[in-house]
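Asks: Sending over a structure as structure tokens; questions will come in a sec.
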Ligand SMILES: [Zn+2]
């Protein structure tokens, strides 16, 4: 499926203005390819609008604020909060409902992280019921999640976004064909493309979205559909304004107004 780890010029240009909502950068417990500041600079060079700082162990909103200030807010860095044992954990489902109510009140994005398939349904249903506007079903193709297509379709119909990550098929955790078939089934409108990159042995994080654009194009998706999945939906979930139709400025309005993404976790890796 993927013949090169260097994105095409077309793909580099298409991802302009996109946010990568799932990356792993240093400092972290595990070795990472780049630091948050280095990656923010590379986003700027690559034309990306910003990213979510994901850590499985610590809240990153403060780090995001520091990076935003250090870089003058030219790249929009969003914090994240993964509800793992290191920050107090999460007891299903009463405590989760309380968190979801707070997320709804503050209009935060809720992601399902490394929950198992039945938990994904339970948490996503409860989130939508609680009034959370934007729910991300984190890499449903990953073996730990392996969310049945019927559930994916039901969640997409309810307005949840299915997150398809470059790293999942690239590292052999699922097949390209299976993931692409899932995207076709649930539709570009409810698909968000992220990379889940940052591991030292994988390609540079900043090229991941463009590599996905190439893979999607090779699979027959139109330019418009790819733009929806990579650029428009990531901007919507990041809380950024839509891209201007004239192709003007694609840069974020700084980190101000960008809100953390809450991930209901289960000891992710
Ligand atoms: Zn990840």
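Here, each number is a calculation from the coordinates, and none is a lab measurement. All values reported here derive from a predicted model rather than from experimental measurement. When we count neighbours, we look across all protein chains shown, and the Cβ atoms used for this are built from the backbone with ideal geometry, even at glycine.
Asks: Calculated FRET efficiency, residue 150 and residue 45, Cβ-Cβ r, R0 35 Å, to nearest 0.05?
Replies: Once rounded, the FRET efficiency stands at 0.25.
Asks: A further question follows. Evaluate the Debye formula for the chain with equal point scatterers sitting on the alpha carbons, no solvent, and hand back log10 of I(q)/I(0) at q = 0.08, 0.16 Å⁻¹, in q order, two decimals.
Replies: -0.27, -1.24
Asks: Could you grab the relative contact order for the stretch 164-238? Cα pairs under 8 Å, six or more apart, rounded to a whole percent.
Replies: Once divided by the residue count of the stretch 164-238, the mean separation gives 35 percent.
Asks: Next question. How much length is gained on full extension from residue 117 to residue 35, taking 0.36 nm per residue of separation minus their Cα-Cα distance?
Replies: Contour length minus Cα-Cα distance gives 26.3 nm.
Asks: To continue, here is another question. For the chain, with a Gaussian network of springs between Cα atoms less than 10 Å apart, report the residue from 137, 230, 87 with the top mean-square fluctuation.
Replies: Its mean-square fluctuation being the largest, the pick is 87.
Asks: Say R0 is 25 Å: what FRET efficiency, to the nearest 0.05, do residue 241 and residue 70 get from their beta-carbon distance?
Replies: The formula returns an efficiency of 0.60 here.
Asks: To make sure I understand, if each residue's beta carbon is the centre and we count other beta carbons within 10 Å, what order do 44, 10 fall in, fewest to most?
Replies: With the sparsest Cβ surroundings first, the list reads 10, 44.
Asks: A follow-up question, please. Would you work out the Kirkwood radius for the stretch 56-150? I mean one over the mean of 1/r across all pairs of different Cα atoms, in Å.
Replies: 14.5
Asks: In a GNM of the chain with a 10 Å cut-off on Cα contacts, which of 232, 141, 150 has the highest mean-square fluctuation?
Replies: In the Gaussian network model the winner is 150.
Asks: Have a look at the DSSP beta bridges in the chain and tell me what percent are antiparallel, nearest 5.
Replies: Of those bridges, close to 0 percent are antiparallel.
Asks: Can I ask one more? For each of 135, 99, count neighbouring Cβ atoms within 10 Å of the residue's Cβ, then give the residues from fewest to most.
Replies: 99, 135
Asks: Determine the gain in length on full extension of the stretch residue 9-residue 218; use 0.36 nm per residue of separation and subtract their C-alpha separation, reporting nm with one decimal.
Replies: Gain on stretching residue 9 to residue 218: 73.8 nm.
Asks: Calculate the spin-label point distance for residue 2 paired with residue 95, positioning each point 7 Å from the Cα along the beta-carbon direction, and give it in nanometres.
Replies: 3.6
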